[in-house]
Amino acid sequence: MPGRPRLTSCCAALVACLLGVGVLVGAHGTPHHSPGAAYAATGLPDRIVLTPGADPARELAVAYRTDSRQAVAEVQLAPALDGPDSEARTRPLSGSSRLFATENGAAYYHQVRFTGLQPDTTYLYQAKGADGWSEWLQFHTAAAGFKPFRFIYLGDVQDDILTLGSRTIRQAFLSTASPALVVHAGDMVSQDKTLIHDDEWGEWNQAGGFYYAQVPQLPAIGNHEYLKTWNPLEGRGRQLSPHWPLQFVLPDNGAHGVEGTSYYVDFQGVRFIVLDGTAALHLGALESQKQWLEASLKDSSARWKVVIDHQPIFTCARPKDTEVLKAAWKPVLEKYNVDLVLQGHDHCYSRLSAEAGHEAALAARAAGAVQGPVYLVSVAGSKMYRLNDRARRQPDRVAEDTQFYETVEVESQRLAVRTYTASGQLYDAFDLLRDEQGGKHLVEPVANLPAERTCDGERGPDGLPCTALGNARG
């Protein structure tokens with residue numbers, strides 16, 4: 001109508017919240033509207049996420065959501081048969097339920113642990129809502145000992161979760177045959193005190209769909225899974241997002257004080273250790289995690305060791321490295337010969353194998369030196385940062401203004417790491433090979449990789465304006 005004032009995105013979000021209509025504004029300023037309450041719970045289960053136990057050969061867990069009419073957790077579990085009558089062998093399981101109210105209304109979050117499972121076995125399960133059951137969902141337990149497998153690694157999704165982040169997630173699943181796990185390096189959402197958090201988690205679940213319900217998810221917590229707080233007595237602070245403990249059922253074996261956000265999982269010869277960098281930097285949990293990290297590495301006989309943390313020790317976008325984490329954790333990672341350190345936060349890509357820089361790494365490899373931890377930073381979503389000055393000389397390979405996913409093939413004597421763009425193009429490739437003495441060597445098996453994707457001034461690698469922001473933040 002002529003003369004009618006336009007609402008700014010901020011005002012529109014406020015009005016929409018008051019009216020019960022969700023509005024998300026993406027990284028590119030595009031509003032994503034949810035007419036009514038698109039992410040309100042219903043009488044059928046949704047947001048179904050499978051997570052591993054500390055020993056995923058024998059224990060996994062599921063979290064799911066229903067509307068407030070289904071007040072108890074009810075799941076049916078059965079061994080998977082090749083015929084259609086697996087239901088005849090089901091057994092009922094119960095768990096815990098918690099009522100949680102958001103701008104999308106009240107909903108019950110349910111959690112059920114699957115214990116006493118047989119290793120290397122396929123199972124079916126379904127979850128109950130007031131109006132019916134979910135479809136039958138299928139998962140496979142880990143083998144009791146070493147067995148080759150592959151997993152997916154995803155950096156920050158965070159913004160434009162459904163519109164742009166989902167394509168990276170789905171391409172990763174479509175192009176990876178039978179992934180056994182998915183590792184998330186934090187910042188799955190962008191929540192802050194001013195955003196509509198439940199819609200974001202709704203988008204994150206929708207982006208992964210049934211994959212999240214059938215393939216165990218290993219999430220590391222990012223700074224955006226914490227809410228910023230303030231009060232007159234204590235000033236600024238951080239509070240764990242209420243969605244985190246509802247959405248993920250994680251092993252209870254973490255560091256003191258951060259048991260819900262740090263943990264480890266032993267999967268077919270790999271120990272995955274997940275750290276909480278935000279709690280280390282801002283909530284006094286640095287030393288407890290350092291001690292726990294060392295103990296978790298020392299007592300492990302796993303063939304390979306992978307550490308996941310949101311904040312990178314070596315940054316590719318920020319002016320300075322995360323010196324507090326580097327001083328505390330890097331010596332431990334090197335002492336216990338960690339193989340991969342998987343990180344996010346910087347919204348760029350970096351593969352770093354030597355702190356002294358790429359030229360030093362090449363010289364060391366040519367001399368047959370044993371490889372230490374390889375530090376990766378990746379980004380799956382649409383929010384991008386410019387590379388810092390060090391990124392031009394320190395990492396082996398970098399990129400900006402590009403969405404990525406990684407696959408890791410785990411073999412007895414080799415870790416094969418491949419980085420792909422969101423469209424499925426191979427961008428980076430390296431293998432970690434063990435010699436007869438147990439030492440590792442980094443090999444680059446692909447001779448002709450694409451040119452590095454970087455911005456040239458304001459021009460991006462696709463010939464369009466560079467979307468990478470000038471200064472890393474948040």
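The values are calculated or read from the model by the stated rules, or taken from the named source; none is laboratory data. This structure is a prediction, so every number in the text was calculated from the model and none was measured. Glycine gets a Cβ as well: all are built from the backbone with ideal geometry, and neighbour counts include every protein chain shown.
Of note:
- Check on His282, surrounded by 22 or more Cβ atoms within 10 Å (Cβ to Cβ) and over 16 Å from Asp55 (Cα atoms): no
- Residues of the range 309-325 classified as assigned to a helix (DSSP H, G or I) and under 17 Å from the mean Cα position of the chain (by Cα), total: 0
- Residue check for Leu376: among the aliphatic types (A, V, I, L, M), within 25 Å of Ser166 (Cα to Cα) and at pLDDT below 95: no
- Total residues in the range 388-435, condition crowded, with 21+ Cβ neighbours inside 10 Å, part of a loop (DSSP other than H, G, I, E, B) and either over 21 Å from the mean Cα position of the chain (by Cα) or on the phi > 0 side of the Ramachandran plot (or both): 4
- Some residue of the range 167-179 being closer than 26 Å to Ala40 by Cβ, over 17 Å from the mean Cα position of the chain (by Cα) and without any contact (Cβ under 8 Å) to a residue 60 or more places away in the chain: no
- Verdict on Arg453 being basic (Lys, Arg), assigned to a strand (DSSP E or B) and touching an Asp or Glu at 6+ places or on another chain (Cβ under 9 Å): no
- Qualifying residue in the range 149-161 (condition: modelled with pLDDT under 95 and small (Gly, Ala, Ser)): no
- Check on Gln118, at negative phi, more than 24 Å from the chain's Cα centre (by Cα), in the same structural domain as Thr66 (by TED's automatic domain parsing) and not small (Gly, Ala, Ser): yes
- Strands (runs of 3 or more DSSP E) contained in the range 1-115 and holding at least 1 residues at pLDDT below 95 and either of a type in the set (S, T, N, Q) or under 28 Å from the mean Cα position of the chain (by Cα) (or both): 22-25, 31-34, 96-102, 105-114
- Filter result for Val258 (β-branched (Val, Ile, Thr) and in contact with a Pro (Cβ under 9 Å, 6 or more places away or on another chain)): no
- Sole exception among (1) in a loop (DSSP other than H, G, I, E, B); (2) surrounded by 11 or more Cβ atoms within 10 Å (Cβ to Cβ) for His441, by number: (1)
- The set of residues from the range 344-362 being of a type in the set (D, E, K, R) and in a loop (DSSP other than H, G, I, E, B) comprises Asp346, Glu355.
- Residue that is nearest to Leu275 (Cα to Cα) [pool: residues in the range 228-251 that are in a strand (DSSP E or B) and charged (D, E, K, R)]: Arg238
Per-residue answers, yes or no, for (1) surrounded by 24 or more Cβ atoms within 10 Å (Cβ to Cβ); (2) part of a loop (DSSP other than H, G, I, E, B); (3) not small (Gly, Ala, Ser):
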site: Leu342; (1), (2), (3): yes, no, yes
site: Ala364; (1), (2), (3): no, no, no
site: Ala369; (1), (2), (3): no, yes, no
site: Tyr375; (1), (2), (3): yes, no, yes
site: Gly381; (1), (2), (3): yes, yes, no
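- Hits in the range 98-116 (condition: closer than 26 Å to Asp55 by Cα and surrounded by fewer than 20 Cβ atoms within 10 Å (Cβ to Cβ)): Arg98, Arg113, Thr115, Gly116
- Just one of the listed residues (Arg392, Arg418, Arg397, Arg386) is under 26 Å from Glu355 (Cβ atoms), in contact with a Leu (Cβ under 7 Å, 6 or more places away or on another chain) and without any contact (Cβ under 8 Å) to a residue 60 or more places away in the chain, and it is Arg418.
- Those strands (runs of 3 or more DSSP E) of the range 252-308 in which 3 or more residues are more than 23 Å from Glu323 (Cα to Cα) and among the hydroxyl-bearing types (Ser, Thr, Tyr) are absent.
- Taking the range 127-227 as the region of interest, the strands (runs of 3 or more DSSP E) fully inside it that hold 1 or more residues being among the hydroxyl-bearing types (Ser, Thr, Tyr) and either crowded, with 24+ Cβ neighbours inside 10 Å or outside the structural domain of Val274 (by TED's automatic domain parsing) (or both) are 149-154.
- Of residues in the range 436-468 being acidic (Asp, Glu) and free of Cβ contacts under 8 Å to residues at least 60 places away in the same chain, the one nearest to Leu415 (Cα to Cα): Glu444
- Among residues of the range 205-221 that are more than 15 Å from Phe248 (Cβ to Cβ), those with a beta-carbon under 8 Å from a residue that is surrounded by fewer than 18 Cβ atoms within 10 Å (Cβ to Cβ) and of a type in the set (S, T, N, Q) at least six positions away or on a different chain give the pairs Gln214/Gln138.
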